[in-house]
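Just so it is clear, none of the values below were taken in a lab; they were calculated from the coordinates. Values in this document were obtained by computation on a predicted structure and should not be read as measured data. Cβ coordinates were reconstructed from backbone atoms using ideal geometry, including for glycine residues, and neighbour counts include every protein chain displayed.
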Amino acid sequence: MAKVVFMGSPAFAVPSLHALHTAGHEIVAVYTQPPRPAGRGQKLQQTAVHEAAEDLGLAVFHPEKLRGEALDAVLALDAEVFCVVAYGLLLPKALVDNRLCLNVHPSALPRWRGAAPLQWTLIAGDTTTDVCVMKLDEGMDTGPVLARQTMSVPQNMNLSELHDVTALKGANMLADVVGHLDAVQPVAQVGEATHAAKITSEMRRIDWTKPASEIHNLVRGIYPMAQAFLRDEMFKILRTEVNTLWIHKRMGEPGEVIGMDSTGVAIACGVGVVKVTEMQRAGGKAGATADVLRGWPAFKNGAQLS
């Protein structure tokens, strides 16, 4: 069993922490982002990893930056490997150069290096992806890969679903690599690198002049944040389907509601049609489109979404 320092923050990292703990590795310290204000009351909220680590009785540290005394304290820790899963801070050169630092990255490296690999896998319409355990170096997700598993990405899988599948797969892979450090062989990344930039607020707003397939992939890639407008009211589009019979046809003006039934609403795009099957009005509950539209008479055939 190995001595491990774990570094992670959001829910994606929690399965990896649990997998290492369950495998019997000694977790000498957990590093995570500091508690920050959240919710309507703006109360300080610990990260998901912070809460999980405390439940396991582990020592938790949350410096704002890994510099000065905080970096000295990290380098003084007696550990064979540092496991980094969505920590949220770039590790300083002094750490990656002098310690074995492993990272779980949910993309087919070198495709989708960066902050939002899951989102861009879906936005791009990739039909397969990888989960990698890699050795960190100075670059952003440029280090050699120690383990890689390929998985299919169904056409209607959304961000939440891909997140959960890859988090669990990555956790099991990480625990296995840490348990066999002497046997694993690093393999350099090969192929064209692409950058998975952060998702911006501007990207949330649907452009109905885009093809139906692009709109569908955006909705599932930034779930549950895709936004549309009817007149001055913003609402969220949570799930869509693409009508394959109409995918290459122009059926109406982009953003025009061209059909409604109990299964959803058909909306014309620049090319093709998307059916919205789940949505949410501002201040309301998410649900099936037919349920959400009850009591919204302005949302009807011929209505134009902006």
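Summary of values
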read-out: In Hz, Karplus ³J(HN,Hα) per residue of region 216-223 (6.51, -1.76, 1.60; θ = phi - 60°; x = Gly, Pro); value: 4, 5, 5, 4, 6, x, 10, 3
read-out: Cα convex hull of region 147-306 - mean projected area over all directions, nm²; value: 12.0 nm²
read-out: Proxy reagent accessibility, fewest Cβ within 10 Å first, across 129, 121; value: 129, 121
read-out: Rg to Rh quotient for region 7-121, alpha carbon positions, Kirkwood Rh; value: 0.96
read-out: Charge dipole magnitude, Cβ of K and R +1, D and E -1 - the chain, Cα centre, debye nearest 20; value: 1020 debye
read-out: Antiparallel DSSP beta bridges within the chain, as percent of all bridges there, nearest 5; value: 65 percent
read-out: Normalised contact order of the chain, rounded percent, pairs of Cα under 8 Å and 6 or more residues apart; value: 14 percent
read-out: With Cα atoms, 0 to 90° folded angle of helix 159-179 axis to the chain main axis; value: 20 degrees
read-out: Sparsely packed chymotrypsin sites (Phe, Trp or Tyr not before Pro) within region 1-64, loop by DSSP, other Cβ within 10 Å at most 15; value: none
read-out: Positive-pole candidate from 15, 35, 57, dipole of the chain, charges at beta carbon; value: 35
read-out: Under-18-angstrom lysine pairs by C-alpha in the chain, whenever the two are 8 or more apart or on separate chains; value: 12
read-out: Mean projection area, nm², convex hull over Cα of the chain; value: 17.7 nm²
read-out: Top positive-direction residue, dipole computed over region 201-292 with Cβ charges, set 288, 225, 252; value: 225
read-out: Interchain or long-range residues, amide H under 5 Å from residue 187's placed H; value: 145, 146
read-out: Bins of 10 Å, starting at 0 and running to the largest distance - Cα pair percent for region 126-207; value: 14, 39, 35, 11, 2, 0
read-out: Radius, Kirkwood style, for region 201-292 when every pair of distinct Cα atoms is counted (Å); value: 12.8 Å
read-out: Restricting region 61-149 to GluC sites (Glu not before Pro) in coil, as DSSP defines it, with at most 10 other Cβ within 10 Å; value: 64
